[in-house]
C-alpha cells in the first residue's frame, strides 16, 4: 500500500473551518476506487495540529486523488491558505511474510 501522512498546523482560530472542509473531503476520497483509508485526526493537546492518514493501493491511485478537481478546489484552494505549515510523508505498508519456512 502507498501511505500518505500529512501534518497540518492550522492558523490560529481556523481549525473549525479546516475540519469542516475536511468533512467534505473524506467521503469523496473514500469513494475513490484506489483509496483504502482516509482518516482525519486532531491533536488532543493542540487543536491546531491535524494529521491526515491516507492509504492507496499504489502511487497511481494517490496521483488520481491529488489530481481531482475536488482536491484542487477544497484542499489546495480552501485548506492550504489556512495553514501555518504543511508536511507530507510517504510510506509503504510492510506486509508480513506468511510463507512457511520464512
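Taken together, the values in this text are just the output of simple stated rules run on the coordinates, not laboratory data. Because the structure is a prediction, the values reported are computed rather than measured. Here the Cβ is made from the backbone with ideal geometry for all residues, glycine too, and neighbour counts use every protein chain on show.
Summary table below
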item	result
Two-site FRET efficiency, residue 31 against residue 84, from Cβ-Cβ distance with R₀ of 30 Å, rounded to 0.05	0.50
Highest average packing first - 50-60, 72-82, Cβ atoms within 10 Å	50-60, 72-82
Residue 1 versus residue 21: modelled label distance in nm, points set 7 Å from Cα along the beta carbon direction	2.6 nm
MRE, 222 nm, helices only [DSSP H, n ≥ 4, -39500 (n - 2.57), over the chain, to nearest 500]	-7500 deg cm²/dmol
Theoretical FRET efficiency, 1/(1+(r/R0)^6), r = Cβ-Cβ of residue 69 and residue 43, R0 35 Å, to 0.05	0.70
Principal axis dimensions, largest first and in whole angstrom, of the chain by Cα	56, 33, 19
